[in-house]
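Report on the structure given below.
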Amino acid sequence: MKIILEREDVNPNLVDRGYSRTPLSWAAECGYKGIVKVLLEREDVEPNPVDGYGRTPLSWAAWRGHQGIVKMLLERNEVRTAAPYNKHQSPLSLAVDGGHVGVVRILLGWSNVNSGVVGGGGQASRRPQGVRARARGCGYPIE
């Protein structure tokens, strides 16, 4: 992966056709710390891409409980933690719903964290369609 990303003609922000997600988004959800690290070392990698589900890499990492990746993402000053997207929950509320206490503690240490749902009408979190297929691809058990 590092060799590919060292090429100047490779766009690290290219989104896939099916889910409108970037390599950083997939790596953050699946817990691939090494790939996240390599991607974040590039200044041209957008750390806040919003995918077809209204989520960012930080949202996915928080939802899956990947503490190390959450920390790496937060080290990029431009990573947004407060703004929920597309009526979905914020990274903090996703971590709370998932029972990921370590991630909750990390996020609460940041002053611009928001736990609310925009336009959610008080509804509980919703799992985006296609989550089962993505979970299977990351090696997670399917509920």
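Straight-line cross-link partners of residue 37 among the aspartates and glutamates, defined as a Cα under 12 Å from its Cα and at least 8 positions apart when in the same chain: 75. If you take the beta carbon distance between residue 17 and residue 97 as r and set R0 to 35 Å, what does 1/(1 + (r/R0)^6) give as a FRET efficiency, to the nearest 0.05? In this case the efficiency is close to 0.75.
Placing a label point 7 Å from the Cα of residue 2 along the Cα-to-Cβ direction, the residues of the range 13-38 whose backbone N falls under 13 Å from that point are 34-38.
Along the range 48-65 the Karplus relation, 6.51 cos²θ - 1.76 cosθ + 1.60 evaluated at θ = phi - 60°, assigns HN-Hα couplings of 10, x, 9, 8, x, 9, x, 10, 10, x, 4, 4, 5, 5, 5, 4, 8, x Hz to successive residues, with x for each Gly and Pro. Taking amide hydrogens as placed 1.01 Å from N in the peptide plane, the amide H of residue 89 sits under 5 Å from those of 126, each at least 5 positions away in sequence or on another chain. Among residues other than residue 10 with Cβ under 12 Å from its Cβ, the summed charge is -1 (Lys and Arg +1, Asp and Glu -1).
Any read-out appearing in this document is the output of simple, stated calculations on the displayed coordinates, not a laboratory observation. Note that the coordinates shown come from a computational prediction; the quantities given were computed from them, not determined experimentally. Quick reminder, even Gly has a Cβ in these numbers, built from the backbone with ideal geometry, and neighbours come from all protein chains shown.
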